[in-house]
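See structure below.
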Amino acid sequence: MSWWRWARALAWLLVPSWIWGTRADVLLAGHPAYAVLVTLAAVAALVLVVTQVRGHQTSRRYAAPTDVAQPRRRGRRALRTVGRVFGVVATIGALVGLVLLRPYAATPPAVTLTSAGSDSVSVVSTPKSITLTPNAGAAAYTSRVGLVFQPGALVDPRAYVPLLARVAADGHLVVIVKQPLSFGLLALGAPDGPIAEHPEVARWAVGGHSLGGVAASMYAASHADRVSGLVLWASYPASSLADRTGLAVASISGTADGLARPATIEARRGDLPPSMVFTPVSGAVHAYFGDYGEQAGDGIPTVSREQAQTAIVDATLALLARA
């Protein structure tokens, strides 16, 4: 096997191994799509190695005579060069894609809360969602608005459990969606499942963080009969909802956010109903809307995470009270 084939096979083995080695818990706890994709990449690498080794042994055993093989090799050289270049580009693109899809991991306290729940909220995690239920019983949430929440892109869904557990403790059923490849636009119809599974909840709001909020806004736009509220965390709508006078909307954002910048949030206010409540959290950054550490490209906070998250929860509860 040529050095290029060895290098390609090694890269296909090393990248999935690195992802599993650094994010195994996240891959197992999230939507299975990314875990399956990374595993298939590793399996493909093993198949590549075995196939090429066998092919090399066969070619040596049954090599054609020199006077026949040489002309054929010269005639195929250009095609092999083109194929090799294409293979390099495809391999680099695919492996870079796998690396870029590697999610931000939830903090240990968020992971623990997801596993154990709390005195006030029970937590149930499945391959497609995390459900937070008030421990006070069904009567505590059937008369209140339920919330289906979509995470930000590439964020471990468990990172939102600490914040949303405080919302659930107030008497709301909360369902956090696990999105394929941790990407909200691949889960545009995700609220359908939780809403159908909980017919005891009469009214629903949808919401999300960053790209998850964009996805939630698209669901709200096309399901006026199912959704009475929309909560946007460091996000904005995909299209104008300005004429949706019956939709309660809250836009909660950080003034130090380096990703969903304040100027962008402000510029999209006109796409929301006039009754929308806008809550700028002074000094808060993008990563304060979840518990997953720092995020690349984010701003510099000037307020504590605890203070910012209290404001986020309060504004969210106010929206659910209006929805």
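The values are calculated or read from the model by the stated rules, or taken from the named source; none is laboratory data. This structure is a prediction, so every number in the text was calculated from the model and none was measured. FYI the Cβ positions are ideal-geometry reconstructions off the backbone, even for glycines, and counts take in every protein chain you see.
Numbers at a glance
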{"item": "Residues of the stretch 130-150 classified as in contact with a strand residue (DSSP E or B) (Cβ under 6 Å, 6 or more places away or on another chain), part of a loop (DSSP other than H, G, I, E, B) and touching a residue at least 24 places away in the same chain (Cβ under 8 Å), total", "result": "2"}
{"item": "Meets criteria (of a type in the set (Lys, Arg), modelled with pLDDT under 75 and under 21 Å from Leu13 (Cβ atoms)) for Arg74", "result": "no"}
{"item": "Out of Ala315, Ala263, sole residue that is over 17 Å from Val231 (Cβ atoms), outside any loop (DSSP other than H, G, I, E, B) and not hydroxyl-bearing (Ser, Thr, Tyr)", "result": "Ala263"}
{"item": "Test: residue in the stretch 256-269 that is touching a Phe, Trp or Tyr at 6+ places or on another chain (Cβ under 8 Å), under 18 Å from Leu147 (Cβ atoms) and in contact (Cβ under 8 Å) with a residue 12 or more places away in the chain", "result": "no"}
{"item": "Per-region count, the stretch 288-309, residues of a type in the set (Gly, Ala, Ser), loosely packed, with under 13 Cβ neighbours inside 10 Å and touching a residue at least 12 places away in the same chain (Cβ under 8 Å)", "result": "2"}
{"item": "Residue in the stretch 93-113 that is polar (S, T, N, Q) and either in contact with a helix residue (DSSP H, G or I) (Cβ under 6 Å, 6 or more places away or on another chain) or assigned to a strand (DSSP E or B) (or both) present", "result": "no"}
{"item": "Flag for Asp257 being under 21 Å from the mean Cα position of the chain (by Cα), within 21 Å of Asp314 (Cα to Cα) and of a type in the set (Asp, Glu)", "result": "yes"}
{"item": "Strands (runs of 3 or more DSSP E) within the stretch 161-249 that include 2 or more residues small (Gly, Ala, Ser)", "result": "204-209, 227-233"}
{"item": "Positions within the stretch 176-203 being touching a residue at least 60 places away in the same chain (Cβ under 8 Å) and more than 18 Å from the chain's Cα centre (by Cα), in sequence order", "result": "Glu200, Val201, Ala202, Arg203"}
{"item": "Subset tally (residues that are under 14 Å from His223 (Cα atoms) and touching a strand residue (DSSP E or B) at 6+ places or on another chain (Cβ under 7 Å)) for the stretch 242-254", "result": "2"}
{"item": "Residues of the stretch 164-180 satisfying the condition of being within 16 Å of His198 (Cβ to Cβ) and either buried (at least 22 other Cβ atoms within 10 Å of the Cβ) or of a type in the set (Ser, Thr, Tyr) (or both)", "result": "Leu164, Val167, Ala168, His172, Leu173, Val174, Val175, Ile176, Val177"}
{"item": "Number of the exception - Arg23 against (1) out of contact with any Asp or Glu (no Cβ under 9 Å at 6 or more places or on another chain); (2) at pLDDT 85 or above; (3) basic (Lys, Arg)", "result": "(1)"}
{"item": "Criterion (at positive phi, surrounded by fewer than 16 Cβ atoms within 10 Å (Cβ to Cβ) and modelled with pLDDT of 70 or more) met by exactly one of Gly137, Gly117, Gly97, Gly93", "result": "Gly137"}
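So that you can scan it fast, the table gives a plain yes or no per residue for (1) in contact with a Ser or Thr (Cβ under 9 Å, 6 or more places away or on another chain); (2) of a type in the set (Phe, Trp, Tyr); (3) modelled with pLDDT of 95 or more; (4) within 28 Å of Thr142 (Cα to Cα):
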position	(1), (2), (3), (4)
Asp192	no, no, yes, yes
Leu230	yes, no, yes, yes
Ala238	yes, no, yes, no
Leu247	yes, no, yes, yes
Ile252	yes, no, yes, yes
Pro262	yes, no, yes, no
